[in-house]
Amino acid sequence: MKKLFLLIVCLTITLSTFAQETYPVNGVYDEREDAYAFTNATIYTHFNQKIEKATLVIRDGRIEGVGVGITIPKDATVIDLKGKYVYPSFIDLYTSYGLPELKKSDRKWSDPPVFVSDKKGAYAWNKTIHPEFSAYQNFSVNNETAKALKEAGFGAVLTHQKDGIARGSGTFVLLSDEMDNEVILKDEASAHYSFKKGNSPQGYPSSLMGAIALLRQTYLDADWYNTTKDKKEFNISLAAWNQLQSLPQIFEVRDRLDILRADKIGDEFDVQYIIKGKGDEYMRVDAIKQTNASFIVPVTFPKAYDVEDPFDAMIVSMEDLKHWELAPANPAILAENDINFTFTTDGLKDLKAFHKNLVKAVERGLKEEAALKALIHTPATLLDVQNHLGSLERGKIANFIITSGNYFDKKTKIHENWIHGQQLFISDWDHDDFGGSYTLQVADIDYQLDIEGEPGKPKMNIVLNDSTKIKVNGQLKDQSVALHFNAAKDSNRVDKLGKGVIRLGGWMQEDGKKWQGKGQLANGEWVDWMVNYKGEVKKKEEEKDKDKAKGKGKKNKKKKADKDKSADNNKEEEKYGQVTYPFLAYGWTEKPKAGTVLFQNATVWTNESDGILEETDVLIQDGKIAAIGAGLKADKGVKVVDATGKHLTSGIIDEHSHIAISRGVNEGTQASSAEVSIADVINSEDVNIYRQLAGGVTAAQLLHGSANPIGGQSGIIKFRWGLTPEEMKFKEAAPFIKFALGENVKQSNWGDNNTTRFPQTRMGVEQVYMDHFTRAKEYEKQKADAAKSGTSFRKDLELETLLQIINKERFITCHSYVQSEITMLMRVAEKFGFNINTFTHILEGYKIADKMEKHGVAGSTFSDWWAYKYEVIDAIPHNGTILHEMGVLTSFNSDDAEMGRRLNQEAAKAVKYGGLSEEEAWKFVTLNPAKMLHVDEHVGSIKVGKQADVVLWSDHPMSIYTKAEQTYVDGVCYFDMEQDLKMRTALNEERNRLIQKMLEEKQGGGDTQKPMPKPSHHYHCDDMHPYE
Amino acid sequence: MKINILITILIAFTLSNTYAQTSYSSVPIPAKPQQSTIILYGATAHVGNGEVIENSLIELENGKIIRIEAAKGGMPKASGDVVDISGKHVYPGFIALNTTIGLSEVGAVRATRDFAETGGLNPNVRSIIAYNTDSRVTPTIRSNGVMLAQITPQAGLISGQSSVVELDAWNWEDAAYKVDEGIYLSWPSMFTRSGWWAEPGGVKKNKKYDEAKTSIKNLLDQAKGYCNGKESYETKNLKLEAMCGLFDKSKKLYVRVGYVKAMIDVINLLSDYDIEMVIVGGQDAWMITDLLKEKNIPIVLNKTHNLPQRKHDDIDMPFKLPKLLQDAGIDYCITIGSGWDGFWDQRNLAFEAGTAAGYGLTKEEALATITSSPAKILGIDQTVGTLEKGKDATLIISKGDVLDMKSSHIEMAFIRGRQLDLDNKQKQLYRKFMDKYGQEKKQH
């Protein structure tokens, strides 16, 4: 019955295990050698090694020994941990523990733009780059914040300031309540990065792509700084950056796509980041595995949505519904894929949820061993502190927790967290079980005292007879006894005991079976008393029956649990949704494959000299157009599509699109941002890709916006729905860059606060180009000179890009409206010996179509937009036709997520306005944009050997009544109208299943959150919305 | 076009010949009132109520349609001008609701914007007096078939009063077709986005939603009281005065609202008042068709050329929304709406309807969504909206199917029998530069 040990209540003295060597002592020197022996415990010495009935001996904050049969030092305080578990304390690599709170920038939108850092000192030009910030120099023990971490089982954390893109170093500290000097285990333990600008007031970067470019340039600058002997500048930031490179490099991201982005930068500069993810890694686990990165993942599992009102429910996105269900499986999926990871409490509002959520993760298939590895072992190895922490071995720091049982049991509690040999008491131990029937002798009366209830919460009663009991209150703790009761109910003896409360105080003996002491009766008389254990509490018959039934129930339950366990293997127990690619509505669960498809009897718009062929067959195979002709035969296994009455065309190509872009379409903070690239921020998880596939679009140029004269590089993609950003890239496409002219770049419509960035007039715009190209030429020469002399050279990504343009390795598509500026740019290009590839928008192109034709520039225009600003008052819908008639390669583009899915209709407007032939009008949205993007060798027409990017239309492709029935990219059917209808049904079923499950969750008392609509942002050229 | 002697007379004062002439202004000169009877012969007449008359004969006199029927026998011999339009299509002139035509000339130029008054409650503000008949944009809209438009104030909780105009006039008094026929209310959003542009927060419940709702209710209550007892009031309240039309039903209340819960809220609130309401936007209207029918509330739909509201919505939801309302028997019309492109883009109105025909409506049903249906919602269906005897001779003639871009080509248009000059600034620029380049003009 009784486990007997001395419970050590919270220590009030700091255990000075490490002497504060350099500090003077005020008073008498009081250094103690503290030794403890923890016996009879189940000890996890390592994440994968468990020892039963083991002993752990610690001395002076270090482990002296662990195992079975360990000699307990004579001076050690012995603590019996029978039934308890001991684990190494956890390690969190992602905290800001002990660092000063970040002051939020009080910058307002009305403040004028900030171009360079306002930080005083020889630091980086951009304030968000501050690798010189050292956590260890700013760290101070903070018991308040430490408390929650310690209670959650953590013993040491990595802490850094979560601000900016290059954040500086993190420091690794113990969570013990000691002097700052004593807890820092590793001063500079890590270097930290993110894509978030943070508190910097500077405009640049205002977009994700800007942040990426800034990181790249800083790597280059730091390398240049490192290798330059005769430094022209001293730069604290670059020096610090270089110094931190040998440390573990930790990168915080916002989502799964950011992981791929960060890793790509890492690959470019030979850095393998440890990535702090967002918990959505499972949504792209294959791609994420390929990064070879280790991960720090949160256990922030979303609450269910309150979906009782169907109108509320309908605004919850599919991905949010699904994520609620699948988020707890994230750790298990990572582990299954052999991805190295550790956990962080980051993002948890209440750290009490940490245990609960970990248990959830284990319930969802995370093996306990993998979970322990992530909690204990992985973080220690990632920081290279495994010699000090991460397991319980001789010589290591005594960081461990004592739990009531297996940590991954729901009911398990952490009793104590020992850090650096310092004890933190968290929750009550299991108390001794005093349950039983006793005799209580007091004032010559023999009472029957029955003790029931849970250990620690004894229910004590004096039993007078079957129906009368006297409640006894009091405490049984640490071998001492304090009881009191009112004997009024015992009317027979009230004379003897007095009216009022009788109080007994005393001590235990004989293993708790005998208690005795002194008591005071109600009348104040002192008496002796004694309690003797007699046996188990006798139960009434009916209660026995009840218990029996309960016991049976328990047994049954157990059986059921066993059954459930076996059912778990068969995956019958609970149904979970599947991960879709992309992880939103209309994503697929099985990757579509390129098939062999024969379209029979179609009207084929070849876009070749054959023109429009009636009743023609087209065979696609291995992703290519294999044959065109009449009466083509289908081999076995070929999917035959009866296209009678239908039209087959090559896929629509949108020369000017802003869909599928993550966090910012403009880096409009400087007049030139040639270094940024949309290709770095392709968002494969944009439903508009699917919607546009349904409009027959198969490829698009994702363009930087038009906020500055020299914008950013393009991302040209094929609509390979469900694949990763990298896989979507149109590999054969030429490199492009967006330029822009007119009102947007001179900030005409940005309000009165934006009147300082150069240029503010069209005159200034020309000079931006002249200046930048001149500098690029000079840069070319300096670069060549440096190469010759072998001196170090600062590679400038912006100028490199401009140089590519001059050297005809990159092509310009330029946002343009009025004729003056269009002519200007052609002349600037001619001065530097290159041509403009495309003018996009080009609404006044018709006024100088002859000049454009002579220059050899293409025009990609709107069909009929106008009047929305001053520079488009002379726009006419005949523009496309005039340009075409004048020999300019012409296309229609969308610049708009909505119009992007109706470009076939827009093409018809070239027929309506200006009377272009239908065949030529169709090329406006297919072959001509293909030519503009230099991909017409591969796509843009129905020609044998070209990539099978084809669309089957229900009707004339330019008719308003037509629908794209099937859309193929590389021979893969990414949109099929019939399939789409099936998907809608499946989508609704899945939504309904999840909604039902959420309702159950709420009914079961689970927490819920109110649904909120998620605004989906559709970018246009002049969008300056920020990216964070 | 088969040309006979009679129509050459007609052409003499219209169509191509005018193009060669020097214009007096950069917008065409408003047409003169109908002088003589005009007979349009041989075209397919799309009546606007679902009916189609092949080989039709339509007689216009004093600005009215006095005869429309299937032509029997050959070309009629009549006293007036007989125009052979065989093979072509006649439609009622389109009617655009909730527009900023004539209230906005250049979107980004503040000086040219006259549709958003400051202050939250402006029921007394009247769009008609700001209507610019000399807009360069309007001629490009009517040359695509839009003949009448509701010009509509924007912004605030109560934006002001709308009026219906004809798109060919010397001045606003001349243009007015139905003045101050409605009051526009922009229903508050149930959600707000917190933060600001540089640091956007999440979406939150609009805490001021109930407050705004109450302010609307208060205004209605006070207006009702005022309108009942204003004789005894010493001071005149222009705002409340403007609302009296709602209670005597000389005005409709147009409510901009889209989210289903908000729609239910509006309907519940307004049910307490005996006023005629119209929902503008109504993207979720298909969910509450029973309620809409019971309360007899029409819907002014925004563009079909729109993206679905939510990522998981059916990808063609905006395209098929008209069909859903049609099947439910709701009164509705299709519009371009009053967004940033709520003036110049009105010329694409027919194609918004065309798309609805691609997604379930018949072509004649689709036509009704921009002719008879908007006329009914505006309460002008006694005089316009269909090609019926006794109605205004406000109609258009297209070479091909007018709902489809690839065949829409409007050759003639009449507003109350006055034949419009369909030239516009853009056509002029087209001709100017084709001439410069010595290119053959395939169109005019």
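I'd like the FRET efficiency for B:Ile29 and A:Phe115, computed as 1/(1 + (r/R0)^6) with the beta carbon distance as r and R0 of 56 Å, rounded to 0.05.
For B:Ile29 and A:Phe115, the calculated efficiency is 0.55.
Can you give me the distance in nm between label points at A:Gln479 and B:Thr214, each placed 7 Å from the Cα along the Cα-to-Cβ direction?
6.8 nm
Compute the relative contact order of chain A as a whole-number percentage, counting only Cα pairs closer than 8 Å that sit 6 or more residues apart in sequence.
11 percent
Below 12 angstrom from the Cβ of A:His484, what's the summed charge of the other residues (Lys, Arg +1; Asp, Glu -1)?
Values: positive: A:Lys471, A:Arg503; negative: none.
Taking every Cβ under 12 Å from that of A:His484, the sum is +2.
Just check segment A:436-536 against the gyration tensor rule for me: Cα atoms, a ≥ b ≥ c as the square roots of the eigenvalues, rounded for a/c under 1.5, and otherwise prolate or oblate depending on whether a/b exceeds b/c. Please list the in-between numbers first.
Working: a/c = 1.71, a/b = 1.26, b/c = 1.36.
Oblate, since a/c reaches 1.5 and b/c is not below a/b.
Residues with amide H under 5 Å of A:Phe839's amide H, sequence separation 5 or more or different chain, H placed in the peptide plane at 1.01 Å from N; which?
So A:Phe839 has HN proximity to A:Cys814, A:Ala858, A:Gly859, A:Ser860.
Angle between the Cα long axis of helix B:260-270 and the longest principal axis of chain B, 0 to 90 degrees, nearest 10?
Its long axis makes an angle of about 80 degrees.
From other protein chains only, count the Cβ atoms within 10 Å of every residue's Cβ in B:255-262, then give the mean.
Shielding by partners across B:255-262 averages 2.
Only Cα pairs within less than 10 Å get springs; with that Gaussian network setup on chain B, which residue of B:Gln419, B:Gln154, B:Gln326 has the largest fluctuation?
For chain B, modelled as a Gaussian network with Cα springs under 10 Å, the answer is B:Gln326.
Could you sort the peptides A:241-250, A:958-967, A:63-72 by per-residue average Cβ neighbour count (10 Å cutoff), highest mean leading?
A:958-967, A:241-250, A:63-72
Starting from the Cα-Cα distance between A:Tyr29 and A:Thr755, subtract it from 0.36 nm times their residue separation and give me the gain in nm to one decimal.
Gain on extension, A:Tyr29 to A:Thr755, equals 254.5 nm.
Mind checking which of A:Ala626, A:Thr603, A:Gly645 is farthest towards the positive end of segment A:597-648's charge dipole, using Cβ charges of +1 (Lys, Arg) and -1 (Asp, Glu) about the Cα centre?
A:Ala626
Give me a comma-separated list of calculated 3J(HN,Hα) values for segment B:125-139, in order, Karplus coefficients 6.51, -1.76, 1.60 applied at θ = phi - 60°, integers in Hz, x for any Gly or Pro.
After applying 6.51 cos²θ - 1.76 cosθ + 1.60, I find 6, 10, 6, 4, 6, 9, 5, 9, 6, 9, 4, 6, 7, 3, x Hz.
Please build a GNM for chain B, connecting alpha carbons under 10 Å apart, and tell me which residue among B:Gly225, B:Gly202, B:Gly358 fluctuates the most.
Checking each option, the largest mean-square fluctuation is seen for B:Gly202.
For peptide B:301-314, compute the average count of partner chain beta-carbon atoms within 10 Å of each residue's beta-carbon. Working shown, then result.
Working: counts 0, 0, 1, 0, 6, 1, 10, 4, 4, 10, 15, 17, 5, 7.
For peptide B:301-314, the averaged partner shielding equals 6.
In whole Hz, what ³J(HN,Hα) sequence does segment A:704-712 give by Karplus (6.51, -1.76, 1.60; θ = phi - 60°), x for Gly and Pro?
Couplings: 4, x, 10, 7, 9, x, 10, x, x Hz.
In terms of modelled amide H atoms, which long-range or inter-chain residues lie less than 5 Å from the amide H of A:Asp80?
A:Leu6, A:Thr39
Report, to the nearest 10°, how far helix B:349-358 tilts away from the longest principal axis of the Cα atoms in chain B, using its own Cα long axis and a range of 0 to 90°.
90 degrees
Label-point separation (nm) for B:Lys436 and A:Met977, each offset 7 Å from Cα along Cα-to-Cβ?
The modelled label-to-label distance comes out at 4.3 nm.
Which ³J(HN,Hα) values, rounded to whole Hz and listed in residue order, are derived for segment A:860-870 from phi using the Karplus coefficients 6.51, -1.76 and 1.60 in 6.51 cos²θ - 1.76 cosθ + 1.60 with θ = phi - 60°, glycine and proline given as x?
So the Karplus estimates, Gly and Pro as x, are 10, 10, 7, 5, 8, 6, 5, 6, 7, 7, 4 Hz.
Return the percentage of antiparallel bridges among DSSP beta bridges fully within the protein assembly as shown, rounded to the nearest 5 %.
65 percent
At what distance in nm do the modelled label points of A:Asp75 and A:Trp588 sit from each other, each positioned 7 Å from its Cα along Cα→Cβ?
7.2 nm
Considering amide H positions built from the backbone, and no H for Pro or chain starts, which residues 5 or more places from A:Arg794, or on another chain, come under 5 Å of its amide H?
Long-range HN contacts for A:Arg794: none found.
In the Gaussian network model of chain B, springs joining C-alpha atoms below 10 Å, which of B:Leu395, B:Leu307, B:Leu167 carries the largest mean-square fluctuation?
B:Leu307
Does segment B:95-383 come out rounded, prolate or oblate, given a ≥ b ≥ c as the square roots of the eigenvalues of its C-alpha gyration tensor, rounded meaning a/c under 1.5 and, failing that, prolate meaning a/b above b/c? Could the numbers behind the result be given before it?
Details: a/c = 1.32, a/b = 1.10, b/c = 1.19.
Because its axes are fairly even, with a/c under 1.5, segment B:95-383 counts as rounded.
Counting DSSP beta bridges with both partners in segment A:597-648, what percentage is antiparallel, nearest 5?
Around 65 percent antiparallel, to the nearest 5.
Quick check on my link table: of A:Lys50/A:Lys459; B:Lys252/B:Lys311; A:Lys639/A:Lys982; A:Lys788/A:Lys831, which ones sit more than 25 Å apart, alpha carbon to alpha carbon?
On the way: A:Lys50/A:Lys459 37 Å; B:Lys252/B:Lys311 34 Å; A:Lys639/A:Lys982 19 Å; A:Lys788/A:Lys831 28 Å.
Over 25 Å apart, Cα to Cα: A:Lys50/A:Lys459; B:Lys252/B:Lys311; A:Lys788/A:Lys831.
For segment B:95-383, give the share of DSSP beta bridges that are antiparallel, in percent and rounded to the nearest 5; count only bridges with both residues there.
40 percent
Average partner chain C-beta neighbours within 10 Å, per residue of B:136-142?
Going residue by residue through B:136-142 and averaging, the value is 2.
Which of the three applies to the protein assembly as shown, rounded, prolate or oblate, going by the alpha-carbon gyration tensor with a ≥ b ≥ c and a/c under 1.5 meaning rounded? Provide the component values of the computation, followed by the final result.
Working: a/c = 2.42, a/b = 1.75, b/c = 1.38.
Prolate.
Distance between Cα centroids, segment A:58-72 to segment B:87-142: provide it in whole Å.
87 Å
Tell me, what is the FRET efficiency for B:Asn268 and A:Lys103 to the nearest 0.05, using R0 = 35 angstrom and their Cβ-Cβ distance as r?
About 0.15, to the nearest 0.05.
Quick note: the coordinates plus some simple rules give every number you see, no bench work behind them. Owing to the predicted nature of the structure, the values given are computational and were not obtained by experimental measurement. Because the Cβ atoms are built from the backbone with ideal geometry, glycine has one as well, and the counts that use them run over all protein chains shown.
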